[in-house]
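Just below is one structure, and these are the notes that go with it.
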Amino acid sequence: MIVRISLLLGIFMFTSACGTGQLNNTNEIDSLSKALTPELKEKYAAQIKIKYAQLFGNRFSGQILISKNGQIIFEDYKGYANIADKTPVTAETPIHLASISKTFTAMLVLKLWEQKQIDLKDLVTKYLSTFPYKTVTIEQLLAHRSGLPDYTYLMDPPKYITVKTKTKRGKWVSKQQLDPKAKNYKESNYNNQDVLDFLAKKRPAPQANPDKVFKYCNTNYVMLALIVEKITGKDFPTYMHETIFKPLKMEHSFVFSDSLKSRYIPSYTDKSIPYKIEKYDLIYGDKNVYSTAKDLLIWDNALRGASFLTQATIQMAYEPKSPLTPNFQNYGFGWRMILAPNEDKLIFHNGWWHGNNTVFTRFIKEHVTIIILGNKYNKTIYKGKQFASVFTGKVDSTGTDD
């Protein structure tokens, strides 16, 4: 399942860090416009190491990077990129971001909006003529307010049957082949067009009427990727590379697609069993960006400045569109958020696909970024927000269940 986040109910409760060894957040922190002193960076790093050991012990495989004011405070790379040949995870190892990929898709659409190539109020049918839900708009896809059904629950895998064939020596052998009666299935992996074709043909019932309620749905971002392709005339992986990865010098980032199947990088179960390419692994927009912690820090810094989008557009993306609980949890355009009164705005997205658990947590005013990319299933990764207490002096009492 791709990122199914349900943050625990309860208000965003904080407790003072006085007497707990936390850093004093008033006098010790330099202005955000200044570089951190070596002494302050060392203090931060020492406390992060303690929390890192407490959270993960020796159970972590992947990349972790924590920054303040755009400066790396702590980073670590553990485990194997390929367990079979003992290839280690390094700072250059691309890891599947899972639903953190949605942040790129959303910002790419907003870039087209800035360039006046798309109107967020446009109907999806303006770009995808066979799309069967006639009143759904672009902004509803971005904010998960379309009510669309989620393809990950609907498109069944190919159906196989066992048949017996006779060899040249007259021996009967059994083998599996695609059921010829299963006309709605294909033997190869699904792609984005297959998702649209499935919706057009089957017209599955929506989860809700458009713009009535928040329903996190991967189909939204699959459609957005198709719309980007329609507008630009380029395939989504190429346009993403030309528009984001190459200009920002994110040298280890790419969108996985059919042309890269030979470069597939497996993730692993908690028992070290590798995941093979399966039916949904060539669908992008909702997932399939591979990247590194350092490349994500470049992305974070680009969004904090104005090197990709204007600050007005970025702030629009961070505006709450759908309250998710009675408390402070919300969703914008491609970003989750926690908006607690009198506290720093928390902008984030997590991910889960196969053995990948990923965290991209960004405290806006504090300018603290927590990036954790796991390639071996480990739900503890979602507790990554706890590292923020090193900088804020406040303990986050909320949790995630991804």
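For the reader, a short list of remarks on this structure follows.
- Distance between the stretch 358-399 and the stretch 85-149 - C-alpha centres, whole angstrom: 24
- Farthest toward positive dipole pole in the stretch 254-402 [+1 Lys/Arg, -1 Asp/Glu at C-beta], among Phe333, Thr380, Ile277: Ile277
- When each of the peptides 305-317, 283-295 is scored by how many other beta carbons lie within 10 Å of its residues on average, the order from highest to lowest is 283-295, 305-317.
- Using the Cβ-Cβ distance between Ile72 and Thr310 with R0 set to 30 Å, the FRET efficiency from 1/(1 + (r/R0)^6) comes to roughly 0.65.
- Too-long pairs where the Cα-Cα distance tops 19 Å, listed order kept, from Lys215/Lys321; Lys134/Lys201; Lys212/Lys385: Lys212/Lys385
- More than 17 Å apart - percent of Cα-Cα pairs taken over the stretch 303-351: 36
- Once backbone amide H atoms are built at 1.01 Å from N, Leu282 has Tyr190 as its partners under 5 Å, excluding neighbours fewer than 5 places away on the same chain.
- The packing ranking of peptides 384-391, 250-257, highest mean first, is 384-391, 250-257, where packing means the average number of other beta carbon atoms within 10 angstrom of each residue.
- The 3J(HN,Hα) values that the Karplus relation (6.51, -1.76, 1.60; θ = phi - 60°) gives for the stretch 272-279 are, in residue order, 6, 8, x, 7, 8, 4, 10, 4 Hz. Gly and Pro appear as x.
- If the segment from Asn342 to Ser259 were pulled out straight at 0.36 nm per residue, it would be longer than the present Cα-Cα gap by 25.1 nm.
- Lys376 long-range amide H proximity, modeled H, under 5 Å: Ser61, Tyr268, Asn357
- Each label was represented as a point 7 Å from its Cα along the Cα-to-Cβ direction; for Asp85 and Lys121 these points are 5.6 nm apart.
- Packing-based order for 163-169, 234-240, using average beta carbon neighbours within 10 Å, highest first: 234-240, 163-169
- Straight-line reach from Lys166: taking Cα to Cα under 30 Å and skipping same-chain neighbours fewer than 8 places apart, the lysines in range are Lys175, Lys181, Lys183, Lys186.
- The calculated FRET efficiency for Val173 paired with Ala46, based on their beta-carbon distance and R0 = 60 Å, is about 0.40.
- Karplus 3J(HN,Hα) series, Hz, for the stretch 307-323 with 6.51 cos²θ - 1.76 cosθ + 1.60 (x for Gly, Pro): 7, 10, 10, 5, 5, 5, 5, 4, 5, 5, 5, 8, 6, x, 10, 8, x
- Residues in the stretch 366-377 carry Karplus couplings, in order, of 6, 6, 10, 10, 10, 10, 9, 10, x, 10, 9, 3 Hz; the curve used is 6.51 cos²θ - 1.76 cosθ + 1.60 with θ = phi - 60°, and Gly or Pro positions show x.
- For the stretch 228-293, fraction of C-alpha pairs farther apart than 14 Å, in %: 64
- Checked against a 21 Å cut-off, the cross-linked pairs Lys261/Lys287; Lys51/Lys249; Lys49/Lys294; Lys246/Lys294; Lys202/Lys279; Lys249/Lys294 give Cα-Cα distances beyond that limit for Lys51/Lys249.
- Those lysines that a straight Cα-Cα span of less than 16 Å connects to Lys376, excepting residues fewer than 8 apart in one chain: Lys78, Lys86, Lys271, Lys276
- Extended-chain gain in nm, criterion 0.36 nm per residue less alpha-carbon gap, Thr37 and Ala205: 54.8 nm
Bear in mind that the values in this text are calculations on the coordinates, not laboratory data. Predicted model, so just to flag it, every value in this text is computed and none were measured. When we count neighbours, we look across all protein chains shown, and the Cβ atoms used for this are built from the backbone with ideal geometry, even at glycine.
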